[in-house]
Every structure is written in C-alpha cells, then in structure tokens.
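Below is one structure, written out as structure tokens; the observations come after it.
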Amino acid sequence: MNPEQQSRRKAMADYLKSYSGRPLRLMEVCGTHTSMLYRTGVRALLPNEINMLSGPGCPVCVTPTNYIDKLVEYSFKANTCVLSFGDMLSVPGSETSLLGARARGGHVDFFYAPEQALDRAEKEPETTFILAAVGFETTAPVWVSVVDAVLKRKLRNVKLLTALKTMPFAMDTLCATGKIDGFLCPGHVAVIIGSEAFRPLAEKWGRPMVVGGFTAELLLAALARLVHESSCGRGGLWNEYPSYVRPEGNQKAQAAIARVFQPGNACWRGLGVLRCSGLYLRGKYAQLDAGSYGLDDDHLPDGCRCGDVLTGDINPRQCPFFNQKCTPDHPIGACMVSSEGACRIYCVEGEISK
Amino acid sequence: MKIELRHGAGGVDTSRLIKNIFARHFHSPVLDRMEDGAVLPRPEGDIVLTTDSFVVQPLEFAGGDIGRLSVCGTVNDLSCMGAQPRYLTAAFILEEGLEADLLERIVASMAHTADEAGVQIVAGDTKVVEGNGGMFINTAGCGVRPAGRDVSSANLKPGDQLILSGTLGDHHGTILSARMNLASSLKSDCAPLTGMVEKLFSGHIDVHTIRDVTRGGLATVLCELAEASGCSAELDEEALPVSEGVRALCGILGLDPLTMGNEGKLLIAVPEPDAARALQIVKSAPYGENAAVIGEVKPGKGVALKTSVGSMRTVSPLRGEGLPRIC
C-alpha cells in the first residue's frame, strides 16, 4: 500500500471511529459483508452510534422450512438422490435436516460445483437426481449453465428444486418498515444486476444505498460514505465498488437469467411471501422443475428468532437461544447453520464489540 | 492396466504388483529383503514414532499428489517433535479400478520425496477393496531425537516471537480450486521441512515450539498451542504472508487464510533474542523464502489479531468440517 492509500485509509477509519452524530441503524444485506466487517476489524472500529444490522442476504437462511421438507421427502423416494451445496445439509426442516435424513437412510449428498452432479447423473442413469438450486442473482447464472448442460447432455434424470431469490424486492420490504437509515448493498449481487438496480429504491424511500466491496479498504470507503450520507439524511445511490460493479451490471448474465427463469412469488424467512421476488424455470425448461412453486410455508422451531434477525429487528445476541441452546455445533435456526448466517458469524468469528 | 481385487489377494498378482511398482521405486536394503518386518539398528537418542493417513481428493494436484503428501505429513510431524526422521512404513489401500500408471506415478513421487527428506521406506502393505479407482495411504514414521532438544506444544513463553515459514492457504486453495473446477495458478505447498528444522538446531537456536500448520490452519494451531502453554498470542495481520492467488480466492469464496490448511508450513516459536537469526535461517532454507515474524506470545489467554485497520479481533479455531479430504 502506498503512503497516499495509507493516509486515505486512516482518514476513513478515523472518521468512522469518531462519529458522534445521530444514532444510525444501517444494514449490511449480504452475509459475506457481515463476515468481512468482522474479519477485517472494521466493525470493531465503529462507535455505539453506528449500529450495523445483518440482513436477509444468506440464501440458506431465508429458505422456508417446507423447501427443506420437500428435499427430505425426495431423499426417501426410491431411486432418487438429493444433491446440494454443503451449507444446506444441516438446516433444520420441520422434522429433520437433510443430514438427519441421510442418517435415517435418505439419499443425500453434496457438491462443490453443480457440474459435478451432472457427471454423477451421467454415470448413474437409474437414479433421479434432485438438485437444490438455492441462491440469489449471483448464483442464478450458475444454475443457467447447469440447465443448459443438462439439456445439451440429454440427461433425463436431473431435476431442479429451485429457491432462487432476487434482492431488490426484499430490500423494498425492509425499506417500508422505516426502521433502517441506509443500506450497504450486496456487492456480489450488484456485479450481476448493476448498481443502478438499487437507484429506484434509493429514490422511492429517500435512503442512501451504497454498493460496497469486501476488503478492509472497500468496506471503510463504503461505510464512510454510508455513515456520512445517512447522518445528513440524504437518499441516493453510491457505487464504492466500481472496479467490479458497473452501473448496468453484467448484461450477458442478466440475459441468460431472463432466458431460463421467470419471476414469481417467493417466501422469505422473516419477510413472508414477496411478490415477484423468486426465480422459476420458464415454460420451455419446466420439465426440469421438481415442484418449486408454492413452497410458502415457514415454521421456525419454537422460540427461534431467525426471522427477527434477518429483518434486523434484533441482533443475534438478543435471541435468548444465542450461544446457549443454539450453537454452531447444535444449531436450532438456519442463521446458526450457514457460514453466511449472521448468528453463526457472530458466534464463530468471536467477540464483536457491537 | 487397472487395479483389480486380485492384486490384493496375496497371490501371484500381488507379488507382481509389488515387484513392478513398489520395489522398483522404493530402494532400501531393508525393504529389498522382503521379510515380514524391518530390523533396524538401535539409534542414539530417543525414538519418536508417529502415524498419519492420507485420503486427499483429487489424488494428483498442482504442486503434489497423495504420495508426496503421505511422506511430507509424517516426516514433518517428526521434525516438529525435534526428531530426525529415519524410517517410514507405507500401507496402501487401493480401490479397484485405480489406474496402475497413476499408482506408479504416486509411488515414484513418494520415493522421490522420501529421498529429499532423507528417510528410508522400510516396510509396506497393499490391500485392494471395492470402489471407484481411488486410493488411501497410511504412513508411520520413526525418528530419532538427539539429547537436549526440548520442543513441545506446551513450551510457548511470553515474549517468544512467532515465525511462520511461508504463505498461508496454498494447499487448501489448490485442493478447493481443483474440486470446484476453478482455473487457478495456485500450487500446493506440500514439502518436507526436515532440512529447515535441522538448520535451526544446528544454528543453536533455542527453539521452544514447532508445529506444522496443517488442517484447521494457523488459527486452530495457534489456539491449541496457546492453550497448551497457558499463554496468549497476538498476530499482526499486515505481517501474515498470503499469496495473491490465495487472497483472490478468499475474496471470491469468503475464506479466511487463517483457517486454511497447509502442507509445508511451520509455525516456530523462539525467544526474542534469537528471532532475527532464526528468521534468517528459515528464509535461507528450502521452502522458507517467504518466512516472516507474524506475532508474539503474551501472558493471558486466547489468540488476538491486530487488523490492518488498527483494531483487534479474536482469532478462533476452525469450526465444522472445513474442507473434507484435504490431506
């Protein structure tokens, strides 16, 4: 780092450390931001007046229980195997998690990259593979390429159970509560959909929306901007991650998503069913769908407050189960399971001063 | 040729496999006798014995393979105890369908790595099981610890300087990239570190603790050492060596280099007056060119990291599975 960058970084850190204006409630929407705010030490710099809330930006955490239940059900069907990213396996359903199902004889396995699932499907033509397609705009292009590959390789034994979601609708609902002064917009999602996708929200609700990256420098820059604009009560859009995020985003990826998926209602833990906030396979690809519509039922385990954590109404520490009944080793709620879940991050990454 | 169950049946096919692959590459007068056990001369010093099993997937990766790994892992464990590695045993569990060419490459790589580390492979075993062409290796290692070498995980003392012998996360990043089909320039750091350790002792460094920073990464290893020694440790984020490739991968996947596994890195604790000289020795040893002093032992409990923005954070051991089948 050159001296100029160093002094700029110090100035931003000092600005945040010494902030003493009106108390701010700011939300980092993305789970990776929650993690990196801690890991870079940026969160520890913030005074009491700057309250960072974790949002609904962990795909596993916002997935309703009956999506898990449906996967569990599939795992017990004859000649059927459920394949998922590893994070999903421990998320509790209403009866059991996928790992629980596996221990009872259900057919469940995980993959690092969905393409591996296709190789396996080719080798085992007698088995139907149900792929748990979970994620946001960031992951949707991966699923597009999976769909294309399934068709190209003429695999008849692969289906997708989708729980793909789009972020701006969830942020709109959070804005409507009026409880949040400004947003650190999800950087990875913005790479795909573009920074301009957040402008309508900024204008509709008069809140600052700052697109930020994930290193210490980028987080300092984004937060300094967000704190400054929120404290002045100024709404608007700022892109503090311009090296990766273009105003218009990745149009090729957007076109691919639109070719394969169509918007539909989706259920978010903590937020309920939000209009047009999900992505579902279009008619031409519908034969690959494993029954993804209408999975709108979400019941949390008794006393679990993941829903309130995901909307920023409480921070993980305020949940009575946090690090008591609900721990990374014995999670009760999804936010303690996923590596992007706020509760797990707060717990595993150690002491956070706020 | 593919390995079949008959190759593990103990008959003619097993003998041929041993002769054509194992005996061709593992040259040792002890092994060549083909007895049921190795008879070894009585050493001067304490005997240190260790064992480790290797299940890494994929079997070959940039910078190494399961064979090289199976030698390095065991040899490095001996070195971390202050022992000079002397002998290895090697037991193979092969899955049917394994390509014999692949097996031979792995065995040749083991032989080459054993030569590099100065150890002899003196006994072995081969079994074949049903499966999909995979393989597993167990190695046991025997080393000799000269009198006067007192290294232990419980030996950290406040004031000790912590030296890391190179960059963090290379092996982990390599294996993960391979599994995710990511194009990557990363190479595993898998290497025998016997030479580095011996240079420290022959340079009369008062080494308190040496640990190889394998599964669980630096965070886990240092938390264990601090607890065993009843001390705390403070790391300096800006001093931690991390390659650009690993940094980029961490940026994409949200990984922390502190909890990523390595297969050729040592964490060395030495008293402050010896630190500069110890660092020079490590840097001049093979595989040590990126070594750095990364922190200090303090009184108290736990491990803390001084972040690049000037705040402190707690460093916790890895939780959960991390990356299965990394070594």
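Provide, in order from the shortest bin, the percent of all Cα-Cα pairs of the range B:35-186 in each 5 Å bin, continuing until the bin that contains the maximum pair distance.
Spelled out per bin, shortest first, that is 2, 8, 15, 18, 18, 15, 11, 8, 4, 1, 0.
Arranged by the count of other C-beta atoms within 10 angstrom, fewest first, what order do B:His208, B:His112 take?
Working: B:His208 23, B:His112 14.
By the 10 Å Cβ count, ascending, the order reads B:His112, B:His208.
Given N residues in the protein assembly as shown, what is Rg(Cα) / (2.2 N^0.38 Å)? If you can, show how the numbers build up before the last one.
Numbers: Rg = 27.2 Å, N = 681, 2.2 N^0.38 = 26.2 Å.
In units of the globular-protein estimate, the protein assembly as shown measures up at 1.04.
Just want the answer: with Cβ charges of +1 for Lys and Arg and -1 for Asp and Glu, which residue in A:Pro47, A:Val72, A:Pro59 is farthest toward the dipole's positive end in the range A:1-90?
Farthest towards the positive pole: A:Pro47.
Nearest 20 debye, what's the magnitude of the dipole of the protein assembly as shown about its Cα centre given +1 on Lys and Arg Cβ and -1 on Asp and Glu Cβ? Provide the component values of the computation, followed by the final result.
Numbers: 67 positive and 76 negative charges, 321 e Å.
My answer is approximately 1540 debye.
At q = 0.07, 0.09, 0.10, 0.15 Å⁻¹, work out log10 I(q)/I(0) for chain A with the Debye formula, treating every Cα as an identical point scatterer and leaving solvent out; two decimals please.
-0.30, -0.50, -0.61, -1.27
Quick check: convex hull of the Cα atoms in the range B:8-66, volume per residue, rounded to a whole Å³? Provide the component values of the computation, followed by the final result.
Values: hull volume 10.0 nm³, N = 59.
Given the Cα convex hull of the range B:8-66, per-residue volume reads 169 Å³.
Please compute P(r) over all alpha-carbon pairs of the range A:299-354, binned at 10 Å starting from zero, and give each bin as a whole-number percent.
Histogram of Cα-Cα distances, whole percents per bin: 28, 63, 9, 0.
What Kirkwood Rh does the range A:216-326 have if only Cα atoms enter the pairwise 1/r average? Answer in Å. Walk me through the intermediate numbers first.
Values: mean 1/r = 0.0551 Å⁻¹.
For the range A:216-326, inverting the mean 1/r across all distinct Cα pairs yields 18.2 Å.
List the residues, sorted by chain then number, that are 5 or more residues from A:Arg282 or on another chain and whose placed amide H is less than 5 Å from its amide H.
A:Phe261, A:Gln262
If a paramagnetic tag sat 7 Å from the Cα of B:Glu272 along the Cα-Cβ line, which residues of the range B:186-213 would have the backbone N under 13 Å from that point?
Backbone N within reach: none found.
For the range B:160-173, what does the Karplus curve 6.51 cos²θ - 1.76 cosθ + 1.60, with θ = phi - 60°, yield as ³J(HN,Hα) per residue in whole Hz, taken in order and with x for Gly and Pro?
Rounded to whole hertz, the list is 4, 9, 9, 10, 9, 7, x, 6, 9, x, 5, 5, 4, x.
What is the extension gain from A:Arg104 to A:Lys252, computed as 0.36 nm multiplied by their sequence separation minus the C-alpha to C-alpha distance, in nm to one decimal? Kindly include the intermediate steps, with their values, before the conclusion.
Numbers: separation 148, 0.36 × 148 = 53.28 nm, distance 4.33 nm.
Extra length available between A:Arg104 and A:Lys252 comes to 49.0 nm.
Could you pull out which residues in the range A:319-335 have an amide N less than 17 Å from a spot 7 Å beyond the Cα of A:His299, following the Cα-Cβ vector?
A:333-334
Please express the shape of the range B:256-327 as an equivalent ellipsoid: the semi-axes are the square roots of 5 times the eigenvalues of the C-alpha gyration tensor, given largest first in whole angstrom. Don't skip to the end; give the middle numbers.
Details: eigenvalues 112, 81, 26 Å².
Semi-axes from the Cα gyration tensor: 24, 20, 11 Å.
Please arrange B:Arg247, A:Arg22, A:Arg9, B:Arg42 by counting, for each residue, the other beta carbons lying within 10 Å of its beta carbon, fewest first. Could the numbers behind the result be given before it?
Details: B:Arg247 15, A:Arg22 10, A:Arg9 18, B:Arg42 5.
In order of increasing Cβ crowding within 10 Å: B:Arg42, A:Arg22, B:Arg247, A:Arg9.
To the nearest 10 degrees, how steeply does helix B:217-229 sit against the main Cα axis of chain B, on a 0 to 90 scale?
Compared with the principal axis, the helix lies near 70 degrees.
I want to check the label-to-label distance for B:Val129 and B:Ala9. Put each point 7 Å from Cα in the C-beta direction and report it in nm to one decimal.
2.0 nm
Among B:Leu17, B:Gly82, B:His112, pick out the residue whose Cα is farthest towards the positive end of the charge dipole of the range B:1-118, where Lys and Arg carry +1 and Asp and Glu carry -1 on C-beta, about the Cα centre.
Result: B:Leu17, furthest along the dipole toward the positive end.
Non-local amide H neighbours of A:Arg207 (under 5 Å, H modeled in plane, Pro and chain starts lacking H): which ones?
For A:Arg207, whose amide H was placed from the backbone, the distant partners under 5 Å are A:Gly236.
For the range B:184-327, evaluate the Debye formula with one uniform point scatterer on each Cα (no solvent term) and list log10 I(q)/I(0) at q = 0.09 Å⁻¹, rounded to two decimals.
These q points yield log10 I(q)/I(0) values of -0.28.
Rank the residues A:Met52, B:Met180, B:Met110, A:Met336 as a footprinting-exposure proxy: fewest other Cβ atoms within 10 Å of their Cβ go first. Mind dumping the intermediate values first?
Values: A:Met52 23, B:Met180 16, B:Met110 27, A:Met336 32.
Ascending Cβ contact count within 10 Å gives the list B:Met180, A:Met52, B:Met110, A:Met336.
When the chain is fully extended, how far beyond the present Cα-Cα distance does A:Ser7 get from A:Lys325, taking 0.36 nm per residue of separation?
Details: separation 318, 0.36 × 318 = 114.48 nm, distance 4.50 nm.
Result for the pair: 110.0 nm of gain on full extension.
Quote the relative contact order of chain B in percent (integer), defining contacts as alpha-carbon pairs under 8 Å separated by 6+ residues. If you can, show how the numbers build up before the last one.
Working: 766 pairs, mean separation 74.4, N = 327.
That works out to 23 percent.
For B:Asn262, enumerate residues with amide H under 5 Å from its amide H, sequence gap 5+ or separate chain, H modeled in the peptide plane.
B:Thr214, B:Arg215, B:Gly217
Which residue, chosen from A:Asn157, A:Gly86, A:Val134, occupies the Cα position most advanced towards the positive end of the dipole of the range A:64-172, where the dipole is computed from +1 (Lys, Arg) and -1 (Asp, Glu) charges on Cβ about the Cα centre?
Of A:Asn157, A:Gly86, A:Val134, it is A:Asn157.
How well do other chains shield peptide A:35-44, expressed as the mean number of their Cβ atoms within 10 Å of each residue Cβ? Before the final figure, lay out the partial values.
Values: counts 2, 4, 0, 3, 8, 6, 10, 5, 4, 7.
For peptide A:35-44, the averaged partner shielding equals 5.
How much net charge surrounds B:Asp77 when only other residues with a Cβ under 10 Å from its Cβ are counted (Lys, Arg +1; Asp, Glu -1)?
Details: positive: B:Arg211; negative: B:Asp52, B:Asp212.
That works out to -1.
Using a 10 angstrom cutoff on alpha carbons, build the Gaussian network for chain B and name the most mobile of B:Leu186, B:Leu69, B:Leu164.
Its mean-square fluctuation being the largest, the pick is B:Leu186.
Excluding residues fewer than 8 places away in the same chain, name every one of the lysines whose C-alpha is closer than 29 Å to that of B:Lys298.
Those lysines meeting the cut-off are A:Lys10, A:Lys17, A:Lys354, B:Lys157, B:Lys199, B:Lys265, B:Lys283, B:Lys306.
Only bridges with both residues in chain B count here: give the DSSP antiparallel percent, nearest 5. Could the numbers behind the result be given before it?
Details: 42 of 56 bridges.
Once the DSSP bridges in chain B are tallied, antiparallel ones form about 75 percent.
Convex hull volume of the Cα atoms in chain B, per residue, in Å³? Working shown, then result.
On the way: hull volume 42.5 nm³, N = 327.
Output value, Cα hull per residue: 130 Å³.
For helix A:216-231, report the angle its Cα long axis makes with the longest principal axis of the Cα atoms of chain A; keep it between 0 and 90° and round to the nearest 10°.
Once rounded, the angle reads 70 degrees.
Divide, for the range A:250-305, the radius of gyration over alpha carbons by 2.2 N^0.38 Å, where N is the residue count. Walk me through the numbers before you get to the answer.
Working: Rg = 14.2 Å, N = 56, 2.2 N^0.38 = 10.2 Å.
Here the answer is 1.40, to two decimals.
Roughly how many debye, to the nearest 20, is the charge dipole of chain A about its Cα centre, given +1 on each Lys and Arg Cβ, -1 on each Asp and Glu Cβ, and no other charges? Walk me through the numbers on the way to the answer.
Values: 38 positive and 35 negative charges, 96 e Å.
Using Cβ point charges on Lys, Arg, Asp and Glu, chain A gives about 460 debye.
In the protein assembly as shown, what % of DSSP beta bridges are antiparallel (nearest 5)?
Values: 51 of 98 bridges.
For the protein assembly as shown, the DSSP antiparallel bridge percentage is about 50.
Going from the alpha-carbon gyration tensor of the range A:91-214, what semi-axes, largest first and in whole Å, does one get by taking the root of 5 times each eigenvalue? Working shown, then result.
Values: eigenvalues 264, 71, 23 Å².
Semi-axes, largest first: 36, 19, 11 Å.
Hey, what did chain A get for relative contact order, percent, Cα under 8 Å, at least 6 apart? Intermediate values should be presented prior to the final figure.
On the way: 704 pairs, mean separation 76.4, N = 354.
Normalised by residue count, the contact order of chain A is 22 percent.
Name the residue, out of B:Pro41, B:Pro299, B:Pro273, whose mean-square fluctuation peaks in a Gaussian network model built on chain B with Cα pairs under 10 Å.
Looking only at B:Pro41, B:Pro299, B:Pro273, the biggest GNM fluctuation is shown by B:Pro41.
Please give the peptides A:238-250, A:66-78 ranked by average Cβ packing (other Cβ atoms within 10 Å per residue), highest first, as a rough proxy for protection.
A:66-78, A:238-250
Pop a pseudo-label 7 angstrom from the Cα along the beta-carbon direction at both A:Leu151 and B:Lys283 and give the gap in nm to one decimal.
Taking the two extended label points, one gets 5.9 nm.
In debye, nearest 20, what is the charge dipole magnitude of chain B about its Cα centre with +1 on Lys and Arg Cβ and -1 on Asp and Glu Cβ, if you could check?
Working: 29 positive and 41 negative charges, 16 e Å.
Rounded to the nearest 20 debye, it is 80 debye.
When only C-alpha pairs under 8 Å and at least 6 residues apart count, what is the relative contact order of the range B:17-105, in percent?
Details: 32 pairs, mean separation 22.4, N = 89.
For the range B:17-105, the relative contact order is 25 percent.
Taking 7 Å along the Cα-to-C-beta vector as the label spot, tell me the B:Glu95-A:Thr127 distance in nanometres, rounded to one decimal.
Simple spin-label model gives 1.2 nm for this pair.
Taking the Cα centre of each part, how many Å lie between the range A:113-130 and the range A:13-62?
40 Å
Rule-based calculations on the coordinates, nothing more; no lab input. No experiment lies behind these values; they were computed from the predicted model shown. Quick reminder, even Gly has a Cβ in these numbers, built from the backbone with ideal geometry, and neighbours come from all protein chains shown.
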